[in-house]
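Enquirer: Got a structure for you, written out below as structure tokens; questions coming shortly.
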Amino acid sequence: MTVDLVLKNLKAYVNGAVQECCIAIEKGIIYKIGKEAQMPRADTVLGLNGFLVLPGLIDVHVHLRDEGKAYKEDFYTGTAAAAAGGFTTVLDMPNNAPVTMNVETLKKRMELARPKILVNVGFYSEFPKKTQEINDVIREGVVAFKLYLGEQVGGLNIDDDNALTEAFKAVASKVPIAVHAEDKKLLKEMEEKLKQRGRNDIEAFLEAHSEEAEVKAVKRVVKIAEKTKAKVHLCHISTKKGLETVYKAKKAGLPVTCEVTPHHLFLSADDLKRIGTEALTVPPLRERNNVDFLWEGLRRGIVDVVGSDHAPHTFAEKNAQNVWDVKVGIPGLETTLPLLLTAVNAGMLELADVVKLTAENPAKIFRLEKRGAIKENCKADLVVVDLERKHHIDASKFHSKAKFSPFNSKHVKGKPVKTFVGGQLVMDEGEIVAGAGCGEIIYGGGFSV
């Protein structure tokens, strides 16, 4: 037999350990892992200079924009950023223009994405206005639902616990529900008070988006999860008390998982005050005691996922004079892996932690079958990294349309150098070398087309 590709002269993270091996790939699938003498003939043989091969990363929290927000990012630039950062699969958030929240908007978004994407893309939906439409959205292929508790985004009344309970029951064990946990009432009341006092500074923003707002929303969601047994994934947890609440829910056997972002791990409120509004996001960067506890949560296995919350905006949107006018969020697809590899090199994380947090757990939680691991018969989604490569993050060279980052100029050690999606080389030394449309649309339940 002759396969499409054999990768040789490499080390790969396989079955929980790094081993020297070769990888044979046929029709986008890992056909064989073994010594060079065991490899079948191949149309192409590529040596990887002894570099480390990891499962292609999966980012479960990405805003690819496009449609009415294409000026910030589109499916091509967003997935180019993903490939450049070592991500082979991303899940697209629904707060678009129009909001993804029913069969029509989901279907249109998939059709628009298909010819543009460079990596695999799955889609979230907001809850539709009518509970009976939920099953239709699931049948259309949504990977998960997203619920914003800090502001009204989709069709579900977020102020009504009964409505939330019914929606959670309707989803139940079918797909996960990812939740942005900030309490709308607390947020809006404090924001209004601060505005009336003429406050429009970063400190005011931090007061409005308080730790209490997160903790109250997390507790509310956990209570509904307990009642409905719905699978809940809490996005970008940023506080000690919020993570402690997640831990208690897990100990009680509830189907609750959570993620943290690189910016909440590597930056604090002090950095926000130093950098300014380009580092403004929600939930905001927190005080150091919270950051330290998030790291503890990583090491103890309380945190399940690291997600970038890639949220591109224009310079003008990030630098508005009034803090309440600033668009929140930062681009993270091209900085996440270098930051995590730097932490590995510094002894703050194990390589196994990075694989678990960015590949294995995301695949398991969101039911992305045959992804998240280097195994025979799995998808040949791979990232090749140079653990020793020292460089500076340069936001001006991002593939994303958003050319800013709170990590700009940061010295890092460890870099993705090649990204394979379905066995096809998409990124090579920072350059996109594949054509648009080479990624797959991922449907709920792990199916892809």
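Enquirer: Of the numbered conditions (1) surrounded by fewer than 23 Cβ atoms within 10 Å (Cβ to Cβ); (2) under 25 Å from Val306 (Cα atoms), Gly86 fails exactly one; give the number of that condition.
Expert: For Gly86, the exception is condition (1).
Results for (1) under 26 Å from Glu73 (Cβ atoms); (2) of a type in the set (Gly, Ala, Ser); (3) buried (at least 19 other Cβ atoms within 10 Å of the Cβ); (4) touching a residue at least 60 places away in the same chain (Cβ under 8 Å), shown as yes or no for each residue.
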| site | (1), (2), (3), (4) |
| --- | --- |
| Lys108 | yes, no, no, no |
| Lys116 | yes, no, yes, yes |
| Gly122 | yes, yes, yes, yes |
| Thr131 | no, no, no, no |
| Gly141 | yes, yes, yes, yes |
| Thr165 | no, no, no, yes |
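Enquirer: For segment 208-217: of the residues being touching a residue at least 60 places away in the same chain (Cβ under 8 Å) and part of a helix (DSSP H, G or I), which is surrounded by the most Cβ atoms within 10 Å (Cβ to Cβ)?
Expert: For segment 208-217, the residue satisfying everything is Glu214.
Enquirer: Then there's this: Please go through segment 215-244 and pick out each residue that is among the charged types (D, E, K, R) and more than 22 Å from Ile365 (Cα to Cα).
Expert: Lys216, Lys240, Lys241
Enquirer: Taking the criterion of being in contact with a strand residue (DSSP E or B) (Cβ under 9 Å, 6 or more places away or on another chain), under 28 Å from Phe145 (Cα atoms), outside the structural domain of Ser308 (by TED's automatic domain parsing) and surrounded by fewer than 24 Cβ atoms within 10 Å (Cβ to Cβ), would at least one residue in segment 418-433 satisfy it?
Expert: yes
Enquirer: Additional query: Tally time: how many residues in segment 303-317 are surrounded by fewer than 20 Cβ atoms within 10 Å (Cβ to Cβ) and not acidic (Asp, Glu)?
Expert: Qualifying residue count for the region: 3.
Enquirer: Can you pull out the residues in segment 130-170 that are charged (D, E, K, R) and modelled with pLDDT of 95 or more?
Expert: Glu133, Asp136, Arg139, Glu140, Lys146, Glu151, Asp159, Asp160, Asp161, Glu166, Lys169
Enquirer: Moving on. Any residue in segment 385-403 that's of a type in the set (Lys, Arg): show its pairings with residues that are loosely packed, with under 15 Cβ neighbours inside 10 Å and assigned to a strand (DSSP E or B) at Cβ separation under 8 Å, as long as the two are six or more apart or on different chains.
Expert: So the pair list comes out as Lys390/His411.
Enquirer: Being buried (at least 19 other Cβ atoms within 10 Å of the Cβ) and more than 25 Å from the chain's Cα centre (by Cα) is the filter; apply it to segment 195-207 and report the residue that is nearest to Asn319 (Cα to Cα).
Expert: Checking each candidate, the answer is Ile202.
Enquirer: Out of the residues in segment 218-243 that are touching a residue at least 40 places away in the same chain (Cβ under 8 Å) and among the charged types (D, E, K, R), which is nearest to Thr257 (Cα to Cα)?
Expert: Lys231
Enquirer: Here are Phe75, Phe87: which of them is touching a residue at least 60 places away in the same chain (Cβ under 8 Å) and touching an Asp or Glu at 6+ places or on another chain (Cβ under 7 Å)?
Expert: Answer to the selection: Phe87.
Enquirer: Just need a number here: residues in segment 258-283 that are under 15 Å from Ala181 (Cβ atoms) and surrounded by 23 or more Cβ atoms within 10 Å (Cβ to Cβ).
Expert: Final tally of qualifying residues: 7.
Enquirer: Could you count how many residues in segment 353-384 are of a type in the set (Gly, Ala, Ser) and either in a loop (DSSP other than H, G, I, E, B) or more than 18 Å from the chain's Cα centre (by Cα) (or both)?
Expert: 3
Enquirer: Out of curiosity, is Thr336 touching a Pro at 6+ places or on another chain (Cβ under 6 Å), of a type in the set (Ser, Thr, Tyr) and at pLDDT 95 or above?
Expert: Yes, satisfied.
Enquirer: Which of the residues that make up segment 83-113 are within 13 Å of Glu440 (Cα to Cα), over 18 Å from the mean Cα position of the chain (by Cα) and among the aliphatic types (A, V, I, L, M)?
Expert: Within segment 83-113, Met110, Leu112 meet the criteria.
Enquirer: Can you find a residue that is in the same structural domain as Glu26 (by TED's automatic domain parsing), in a strand (DSSP E or B) and touching a helix residue (DSSP H, G or I) at 6+ places or on another chain (Cβ under 7 Å) anywhere in segment 393-400?
Expert: No: zero hits.
The values are calculated or read from the model by the stated rules, or taken from the named source; none is laboratory data. In this text the structure is predicted, and so the values were computed from the model without any measurement. Glycine gets a Cβ as well: all are built from the backbone with ideal geometry, and neighbour counts include every protein chain shown.
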